[in-house]
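Just below is one structure, and these are the notes that go with it.
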Amino acid sequence: MSQRQVLQVFEQYQKARTQFVQMVAELATRPQNMETLQNAGVMSLLRPLLLDVVPTIQQTAALALGRLANYNVELAEAVVKGDILPQLVYSLAEQNRFSKRAAAFVLQAVGKHSPQLAQVIVDCGALDTLVICLEDFDPGVKEAAAWALGYIARHNAELSQAVVDAGAVPLLVLCIQEPEIALKRIAASALSDISKHSPELAQTVVDAGAIAHLAQMILNPDSKLKNQVLSALSQIGKHSVDLAEMVVEAEIFPVVLNCLKDKDEYVKKNASTLIREIAKHTPELSQLIVNAGGVAAVIDCIGSCKGNIRLPGIMMLGYVAAHSENLAMAVITSKGVPQLSVCLSEEPEDHIKAAAAWALGQIGKHTPEHARAVAVTNTLTVLLSLYMSAESSEDLQVKSKKAVKNILQKCTYLPAFEPFLYYAPPNILKHVLGQFSKILPHDSRARRLFVTSGGLKKVQEIKAESGSLLQEYINSINNCYPEEIVRYYSPGYSDTLLQRVDSYQPLTH
């Protein structure tokens with residue numbers, strides 16, 4: 001047999017291997033093929049190809065494995081059981097940038113599914129090599145490494161700490177300064193994933209100088225990058241007053257308010273979330289947002305979107321209003337109450353209604369003026385019906401009840417809660433009568449109106465236990481009127497009168 005014929009056998013073998021990995025990589029792009037590939041033993045066939053002498057076969061094998069592992073947790077676990085991770089770590093340390101990219105892609109695909117799988121990646125020593133890849137000259141290698149590190153850090157504080165300990169943070173901060181948009185996005189996302197778990201981890205990101213660079217990128221026209229940047233700043237600022245102040249000191253206001261008008265819904269949501277995370281900490285931080293025009297901007301944003309995009313803005317208004325009378329008044333004067341009432345009535349999701357109910361309760365709880373601002377929008381009756389509805393979630397019922405109670409205890413605007421006399425349950429009715437018993441003794445016009453509207457008559461029909469708070473309130477209300485008026489509106493009084501007519505003996509001359 002000639003030398004050429006011998007070499008031809010090797011050429012055919014290489015061609016077959018190339019064809020095989022390319023075909024598997026292609027098949028692995030379609031979900032319907034996954035089970036068949038797994039049952040055919042694809043893992044054990046791809047494993048030796050990761051160390052193939054031909055670089056393109058190595059890379060395509062890794063790409064195929066990555067696609068398989070990305071699909072579901074079972075396939076990701078099969079990659080781990082196939083003892084493939086050590087070979088991937090070996091590939092990461094190679095000179096070839098394509099091999100590095102492909103290996104990092106598989107690690108990312110495995111690590112994203114669960115803390116257990118991410119821990120396996122940490123245990124096999126991949127972090128140090130991934131961090132070295134963040135310094136690679138090739139942006140694609142850096143991107144793939146940042147992605148894998150972010151997915152590992154995402155799961156919990158321990159894994160995030162492992163990524164920090166491997167030295168990833170300063171290099172990720174360098175990556176957000178690189179010119180490539182895709183690399184900036186992934187690095188910002190990874191910093192967000194590291195920061196979210198604890199104040200200590202967020203502080204590590206701050207100490208590496210991340211805030212100033214992130215704040216500058218709020219102006220970037222790329223929506224996906226803006227999303228990651230706003231998310232990272234939110235995850236840093238949420239933990240403590242100090243961290244929130246550091247984010248504010250990077251001059252994110254009023255720049256971040258422009259994001260509330262962005263055409264991308266998620267940019268709006270993430271901007272609202274960032275403002276919420278700052279507002280919740282102190283009255284001073286909330287006041288700073290008010291001064292920058294943030295409350296009005298958030299209210300406009302809530303009006304321009306629907307569903308979950310509204311949620312952080314709704315909560316932000318509640319946090320601002322909760323701090324003080326003046327801040328709650330700022331929400332009222334910016335027309336926040338009608339907008340929250342719209343959310344309460346029109347949003348189909350209970351958790352969004354619950355947030356709106358909570359926010360309205362925070363606005364109305366301060367003074368009679370605050371309570372009136374909420375009461376005039378007919379919000380109280382909506383809150384009561386949500387509390388009493390069997391279809392409302394438990395959280396919505398609790399938040400609606402608390403809001404009604406908060407507002408009623410301050411409200412002196414009688415027309416708003418007079419309807420409550422007719423259909424409020426006893427635990428709410430108690431608060432309604434409590435307010436009447438406070439207002440009627442000092443307001444003659446209100447006393448007269450209470451009689452002519454049928455309120456006094458309704459009070460006489462309420463059955464209360466002797467000695468109860470409810471009975472005390474009824475007595476206080478009755479004491480505001482002459483005894484004969486109270487008797488006149490008491491149940492059965494007309495029958496008594498008729499009996500007197502029947503028994504009355506007319507005078508005869």
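Values quoted throughout were computed directly from the atomic coordinates according to the rules given, and no laboratory measurement underlies them. It should be emphasised that the depicted structure is a prediction, and the values quoted were computed from it without experimental measurement. All Cβ positions, even for glycine, are placed from backbone atoms using ideal geometry, and neighbour counts span all protein chains on display.
Summary table below
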{"read-out": "Ranked by how many other beta carbons lie within 10 Å on average, peptides 146-152, 160-166 from highest", "value": "146-152, 160-166"}
{"read-out": "Cα-based reach from residue 306 at 16 Å (exclusive), listing aspartates and glutamates while leaving out same-chain residues under 8 positions away", "value": "262, 264, 265, 346, 347, 349, 350"}
{"read-out": "Of 430/463; 224/263; 401/458, pairs whose Cα-Cα distance is over 18 Å", "value": "401/458"}
{"read-out": "In sequence order, calculated HN-Hα J values of region 121-137 (Karplus, 6.51, -1.76, 1.60; Hz; x Gly/Pro)", "value": "5, 4, 5, 8, x, 6, 4, 4, 5, 4, 5, 4, 5, 5, 9, 5, 6"}
{"read-out": "Anchor residue 100: aspartates and glutamates whose Cα lies under 15 Å away (excluding residues fewer than 8 positions away in-chain)", "value": "52, 128, 135, 136, 138, 143"}
{"read-out": "Candidate aspartates and glutamates for bridging to residue 410, where Cα separation is under 12 Å - those fewer than 8 sequence places away on the same chain excluded", "value": "369"}
{"read-out": "Expected 222 nm ellipticity per residue - DSSP helices of 4 or more, -39500 (n - 2.57), all of the chain, to 500", "value": "-22000 deg cm²/dmol"}
{"read-out": "3J(HN,Hα) from dihedral phi, region 277-289, Karplus parametrisation 6.51/-1.76/1.60, rounded to Hz, x for glycine, proline", "value": "5, 7, 4, 5, 6, 9, x, 5, 5, 5, 4, 4, 5"}
{"read-out": "In region 281-352, GluC sites (Glu not before Pro) in a DSSP loop with at most 13 other beta-carbon atoms within 10 Å", "value": "none"}
{"read-out": "Ranking of 117, 191, 171 by count of other Cβ atoms within 10 Å, fewest first", "value": "171, 117, 191"}
{"read-out": "Test item: Cα-centred dipole of the chain, Lys/Arg +1 and Asp/Glu -1 on Cβ, debye", "value": "1240 debye"}
{"read-out": "Volume in Å³ per residue [convex hull over Cα atoms, computed for the chain]", "value": "197 Å³"}
{"read-out": "Of 112/196; 196/405; 268/365; 269/399, pairs whose Cα-Cα distance is over 25 Å", "value": "196/405; 268/365"}
